[in-house]
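Here the structure is laid out as structure tokens; the discussion comes afterwards.
Nothing in this text is a laboratory measurement; each read-out follows from the coordinates by a stated rule. Note that the structure is predicted; figures quoted are calculated from it, not measured. Reconstructed Cβ throughout: ideal geometry from the backbone, glycine too, with neighbour counts over all protein chains shown.
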Amino acid sequence: MNINFSRVQKQRLRELDAPLNLQEKSFSSIQERDAAFRNTEQLLIRQSKQHLLETWNIHRRPALCALESKLTNVLIKNGFVQVATPIILAKGLLAKMSITPEQPLFKQVFWISEDKCLRPMLAPNLYYLIGKFVHLFEKPIRVFEIGPCFRKDSKGGHHLNEFTMLNLVELGSPDENRRQKLEDLAAIVMDAAEIQDYRLIPAHSDVYGKTIDIVAGLEVGSGVIGPNALDAKWGWVDPWVGIGFGLERLIMVGKGYQNIQRIGRALMYFDSVRLNI
Ligand code: ATP
Ligand code: MG
């Protein structure tokens, strides 16, 4: 007989982020299954408590905050300047990114009033700011922001309604080989996230057209090699490269977690550990 874990047991194993092959295991009797469930649950709870204590006593902050600091330090060391832009975004700036009601991304936007929303991406603000910086500072302009973004994304193991984006842009570099530049910038971030195994794969975005995704089992970032059709609206004339990464996805892959919910901003979890243990 092939007996699988019950729906409730599976839910619990998912919460405790049991390895997928374990969640799908089958048994020859209910007794055998229930005994395996009890043992596994106890083991995972022990590991979770150990992890919680380690975070509480030693690291003293969740992985999301730690990665944000690590990336900030490493990017500043690599010549980038950090910026902090508003989380509330005007509808006009979205339209300037060509995100209009016909676009799928438009339907994912959280509106807080008729003409204001929670930013679904950092790009419009960076486009705007860098358009100012080119008149103030010498090129190349290297800028990044790390902060919350919001999308009504289909629920699932890879999407959160609120997530943390890192967007970095280098504009006006004398370096001709922008593909190589994109690879180098991706490597800085992937190294900080402790992910060795990843690939750059050509992809398509409704906003930018051609993109290059950074894929490590799942998409962790999307890169663009400019100039781009959008640039003229923001007064950009120089070649550039930029990449947007999701920090929660980087942590998921870096630590081998199955479920993104445990990494994002949460009340049910602390540093990826379910609190009802
Ligand atoms: P996907 O196709 O996986 O939904 P996307 O291509 O729409 O992602 P981008 O606009 O390229 O996402 O955003 C850059 C990065 O931000 C993504 O590569 C991903 O790491 C992260 N990201 C985007 N949407 C979400 C989300 N809802 N939850 C968590 N991370 C996200
Ligand atoms: Mg993408």
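Working only within segment 227-258, note down all residues that are surrounded by 17 or more Cβ atoms within 10 Å (Cβ to Cβ) and more than 16 Å from ligand 2 (Cβ to nearest atom).
Asp231, Trp234, Trp236, Pro239, Trp240, Ile251, Gly254, Tyr257
Any idea which residue in segment 188-208 is surrounded by the fewest Cβ atoms within 10 Å (Cβ to Cβ), counting only those that are small (Gly, Ala, Ser) and within 13 Å of ligand 1 (Cβ to nearest atom)?
Ser205
Which condition breaks for Arg119 when tested against (1) surrounded by fewer than 21 Cβ atoms within 10 Å (Cβ to Cβ); (2) within 30 Å of Asn259 (Cβ to Cβ); (3) in contact with a Cys (Cβ under 8 Å, 6 or more places away or on another chain)?
Among (1) surrounded by fewer than 21 Cβ atoms within 10 Å (Cβ to Cβ); (2) within 30 Å of Asn259 (Cβ to Cβ); (3) in contact with a Cys (Cβ under 8 Å, 6 or more places away or on another chain), the lone unmet condition for Arg119 is (1).
So for segment 200-218 (the condition being touching a residue at least 12 places away in the same chain (Cβ under 8 Å), part of a loop (DSSP other than H, G, I, E, B) and polar (S, T, N, Q)), does at least one residue qualify?
Taking every residue of segment 200-218 in turn, none turns out to be touching a residue at least 12 places away in the same chain (Cβ under 8 Å), part of a loop (DSSP other than H, G, I, E, B) and polar (S, T, N, Q).
Cβ contacts < 6 Å: first residue over 19 Å from Cys65 (Cβ atoms) and touching a residue at least 12 places away in the same chain (Cβ under 8 Å), restricted to segment 235-260; second residue surrounded by 21 or more Cβ atoms within 10 Å (Cβ to Cβ) and basic (Lys, Arg), any location; separation 6+ or different chain. Result?
As it stands, the answer is none, since no pair meets every condition given.
Check Ser222, Ser173 and return the single one that is polar (S, T, N, Q) and in a strand (DSSP E or B).
Within the list Ser222, Ser173, the selection yields Ser222.
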